[in-house]
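Since the structure comes first, as structure tokens, the remarks are kept for the end.
The values are calculated or read from the model by the stated rules, or taken from the named source; none is laboratory data. None of these values were measured; they are calculated from a predicted model. Please note: Cβ atoms are built from the backbone with ideal geometry, for glycine as well, and neighbour counts cover all protein chains shown.
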Amino acid sequence: MNAKKQTNEVAAYKPHSWQTALEFRAMWAVLALGIVLPFLVSKPLATEIMIYALFALAFNLLLGHTGMISFGHAGYLGVGSYAGAMVVFYGGVGVWVSLLAAMAGGALVAAVVGLLAVKRKGAYFAMISLAIAQMLYFLALSPFKRWTEGEDSLKLPPLSVDFPFHLNLSDQTQLYFFVFVIVALAVLAQWRLLNSPFGHALKGIRENEDRIRACGFNITRIKFLSIIYSGLFSGLAGGLLAIYLGAASVTTLFWMTSGVVVMQTVLGGTHTFMGPFIGTMVFLYLRNNISNYTDRWEMWVGAMFMALILLFPEGIWGTVMQKIGERRRPSAS
Amino acid sequence: MLLQTNGVCKYFGGLKAVDQVDFSIEQGKLKSIIGPNGAGKTTFFNLVSGLYKPTHGQVTFQGKDVSHASMNERSQLGITKTYQITSIFPRLSVFENVRLSAQSRVSMFNSWRKAYSYSAMNNRTMEILEHVGLADQQGRTASELSHGEKRYLEIGIALATEPTILLLDEPTAGMSPAETVEATHLIRKLSNELKLTIILIEHDISVVMGISDEVMVLHEGKKLAEDTPEKISANETVQNVYLGKGAEPCSR
């Protein structure tokens with residue numbers, strides 16, 4: 001109560017920017033779209049969009065919000081995927097435990113990358129994370145073949161959930177809504193994270209690392225924790241991917257996965273919250289449709305990616321927000 | 001003595017950027033460091049702020065040796081610096097620029113609570129914005145501010161860390177003469193009202209004379225003089241350095 005009184009004495013402050021308000025609405029709009037998405041596009045595509053969108057948001061925690069570029073996110077997704085699948089395959093545990101294991105797996109790899117690379121900047125950080133992810137790929141491919149089944153993928157039995165109510169995850173619709181709810185919760189958790197003191201400190205690092213250090217922030221620890229969070233959410237996406245694919249596969253760990261998530265994120269807009277989500281939707285929708293017509297879909301997707309980036313230099317959602325900002329400026333006091 | 005340096009040196013290879021400087025400042029005083037370009041002012045300043053570690057010598061703060069403490073450790077102890085080249089968070093609002101800095105004293109790792117829900121921090125931010133005259137600009141994006149306003153914001157960010165000692169590196173750099181007068185008054189006002197200890201770096205001697213309690217003159221990394229502003233203005237060696245009479249032949 002005392003605190004409230006104090007607030008009234010000092011001049012009113014309105015800390016929330018219009019960008020935050022707009023992003024907040026965009027987040028709910030996209031999540032609402034998620035409810036009807038499986039009826040607009042095929043259910044497997046809708047599921048894939050949700051999983052990779054979560055992955056892209058987790059990736060953007062580092063790229064867009066902390067300002068660190070990682071070329072090794074396949075490592076977090078892949079290890080999450082394997083961790084989730086292995087505890088089911090060898091431990092016979094349920095889906096929820098599998099998802100927890102996936103998050104732990106992603107976070108563990110992130111902790112290793114963090115310990116080795118947190119003090120490196122820019123391309124050096126990117127290269128170390130890429131190297132670790134590639135090491136994991138080759139480890140999964142052959143030395144650990146006994147446990148990962150190598151190129152054959154670790155195949156899972158049909159899964160179902162009994163808590164809080166029964167869901168048959170072999171059914172495409174039930175699987176989609178299972179994935180959707182978890183992704184939605186993870187998106188809300190990330191929103192909360194980014195609007196917390198920790199999240200604001202991340203933005204400070206992105207905006208001006210020297211200055212925020214001079215303000216007394218411990219940059220190394222904050223970055224380390226940010227890598228862990230990114231690994232945690234990427235691991236969760238990996239766990240969902242294993243459930244969706246019914247298998248954990250080495251291609252998840254391949255460097256292409258790390259590359260695609262960069263494209264999806266940049267396509268949507270790195271300096272925004274929902275950009276990576278929107279970028280993933282557009283990217284996977286295009287890829288899916290184009291690959292119906294041609295085997296050379298990579299070429300066409302690449303061309304379209306370039307065209308879209310020329311049209312939307314800040315990413316699709318980023319450029320839309322920028323245009324809104326320009327329109328607001330003359331009227332803003 | 002709140003802060004002291006004993007024979008502090010900083011060498012960059014063969015260059016003695018700062019050479020055997022003894023310096024001290026008492027609580028609540030405003031002390032300026034002046035000198036021509038290249039005199040070692042900024043290097044000395046960074047030895048105090050923690051960006052550089054001294055090659056030889058010691059920096060003592062509140063009786064503790066902080067020579068090897070990093071910049072963020074020193075900031076947490078209460079030594080905060082501003083930058084000669086404006087260093088703000090360009091894409092964040094004016095309010096958030098200062099609030100984020102204030103947050104460094106409260107919470108770094110809380111990942112759940114809303115950042116704007118700490119009312120004490122918000123109030124403190126508004127107080128500081130009023131001190132530096134930016135309260136009515138709080139909602140603007142920092143990059144949109146004028147140069148002078150950015151310099152004030154810079155000071156605001158430093159104030160938000162609740163410094164015991166504030167290091168200002170050429171706070172009036174790039175300001176018009178009128179803005180400079182206004183800024184120097186603000187600095188004196190901050191020092192009086194907030195009982196702040198301030199170390200001010202300047203190359204323009206006229207800026208510091210009216211507001212400083214004491215002035216130290218650096219020249220080629222060495223301390224040339226240290227005295228009250230009146231005595232410094234009357235000091236012949238200082239005049240020679242500044243006006244280039246005798247002491248420094250141009251064609252060296």
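A few points about this structure:
- For the condition without any contact (Cβ under 8 Å) to a residue 12 or more places away in the chain, of a type in the set (Gly, Ala, Ser), farther than 13 Å from A:Thr66 by Cα and surrounded by 22 or more Cβ atoms within 10 Å (Cβ to Cβ), A:Ala242 does not qualify.
- Filtered by the rule that a residue be under 18 Å from the mean Cα position of the chain (by Cα) and either at the interface with chain A (Cβ under 7 Å from one of its Cβ atoms) or part of a loop (DSSP other than H, G, I, E, B) (or both), the stretch B:90-135 gives B:Ser101, B:Val132.
- Within the stretch B:49-65, the only residue that satisfies the criterion of being modelled with pLDDT under 95 and of a type in the set (A, V, I, L, M) is B:Leu51.
- Residues of the stretch B:212-252 that turn out to be modelled with pLDDT of 90 or more and either assigned to a loop (DSSP other than H, G, I, E, B) or touching a Cys at 6+ places or on another chain (Cβ under 9 Å) (or both), as a count: 5
- The one condition from (1) modelled with pLDDT under 90; (2) out of contact with any helix residue (DSSP H, G or I) (no Cβ under 8 Å at 6 or more places or on another chain) that B:Ser107 does not meet is (2).
- When the stretch A:177-211 is limited to residues that are at the interface with chain B (Cβ under 7 Å from one of its Cβ atoms) and among the aliphatic types (A, V, I, L, M), the one that is surrounded by the most Cβ atoms within 10 Å (Cβ to Cβ) turns out to be A:Ala201.
- Within the stretch B:45-58, residues that are farther than 21 Å from B:Glu170 by Cα reach partners that are part of a helix (DSSP H, G or I) with beta carbons closer than 7 Å, at six or more positions or on different chains, in the pairs B:Pro54/B:Leu47.
- Listed conditions (1) touching a His at 6+ places or on another chain (Cβ under 9 Å); (2) in a strand (DSSP E or B) are all met by B:Ser24, apart from (1).
- For the stretch A:9-28, the criterion of being at pLDDT below 95, of a type in the set (Lys, Arg), touching a helix residue (DSSP H, G or I) at 6+ places or on another chain (Cβ under 9 Å) and in a helix (DSSP H, G or I) is met by no residue.
- Any hit, the stretch B:171-179, residues being within 30 Å of B:Thr5 (Cβ to Cβ), touching an Asp or Glu at 6+ places or on another chain (Cβ under 8 Å), in the same structural domain as B:Gly38 (by TED's automatic domain parsing) and crowded, with 18+ Cβ neighbours inside 10 Å: yes
- Matching option when the condition is over 30 Å from B:Glu144 (Cα atoms) and either of a type in the set (A, V, I, L, M, F, W, C) or not in a loop (DSSP other than H, G, I, E, B) (or both), among A:Leu308, A:Leu225: A:Leu225
- Residue match in the stretch B:36-49 (condition: among the aliphatic types (A, V, I, L, M), away from chain A (no Cβ under 14 Å) and out of contact with any Ser or Thr (no Cβ under 6 Å at 6 or more places or on another chain)): yes
- In the stretch B:51-89, residue farthest from the other protein chains (Cβ to nearest Cβ) [restricted to those that are of a type in the set (Val, Ile, Thr), more than 14 Å from B:Ala158 (Cβ to Cβ) and not in a loop (DSSP other than H, G, I, E, B)]: B:Thr60
- Yes/no for A:Tyr90 being modelled with pLDDT of 95 or more, of a type in the set (Ser, Thr, Tyr) and touching a Ser or Thr at 6+ places or on another chain (Cβ under 6 Å): no
- Meets criteria (among the aromatic types (Phe, Trp, Tyr), crowded, with 24+ Cβ neighbours inside 10 Å and touching a strand residue (DSSP E or B) at 6+ places or on another chain (Cβ under 9 Å)) for A:Tyr82: yes
- Leading residue by the ranking (farthest from the other protein chains (Cβ to nearest Cβ)) among those in the stretch B:138-148 that are assigned to a helix (DSSP H, G or I) and surrounded by fewer than 19 Cβ atoms within 10 Å (Cβ to Cβ): B:Gly148
- Residue within the stretch A:175-191 that is closer than 28 Å to A:Val97 by Cα, in contact with a Lys or Arg (Cβ under 9 Å, 6 or more places away or on another chain) and not β-branched (Val, Ile, Thr) present: yes
- Elements of type helices (runs of 4 or more DSSP H) in the stretch A:67-149, at least 2 residues being among the aliphatic types (A, V, I, L, M) and over 29 Å from A:Lys203 (Cα atoms): A:73-89, A:95-117, A:122-141
- Flag if B:Leu200 is within 25 Å of A:Asp210 (Cβ to Cβ), within 14 Å of chain A (Cβ to nearest Cβ) and under 12 Å from the mean Cα position of the chain (by Cα): no
- Residue check: B:Gly40 meets all listed conditions (1) farther than 17 Å from B:Thr161 by Cα; (2) crowded, with 19+ Cβ neighbours inside 10 Å; (3) over 18 Å from the mean Cα position of the chain (by Cα) but one, namely (3).
- Every listed requirement among (1) under 26 Å from B:Val207 (Cβ atoms); (2) touching a strand residue (DSSP E or B) at 6+ places or on another chain (Cβ under 9 Å) is met by B:Gln138 save one, (1).
- All conditions but one from (1) in a helix (DSSP H, G or I); (2) under 30 Å from B:Ser24 (Cα atoms); (3) at the interface with another protein chain (Cβ under 7 Å from one of its Cβ atoms) apply to B:Glu182; the one that does not is (3).
- Subset of the stretch A:212-230 [facing another protein chain (nearest Cβ under 7 Å) and either small (Gly, Ala, Ser) or under 17 Å from the mean Cα position of the chain (by Cα) (or both)]: A:Ala214, A:Gly216, A:Leu225
- Given (1) out of contact with any helix residue (DSSP H, G or I) (no Cβ under 7 Å at 6 or more places or on another chain); (2) among the polar types (S, T, N, Q); (3) within 14 Å of chain B (Cβ to nearest Cβ), index of the condition A:Gln174 fails: (3)
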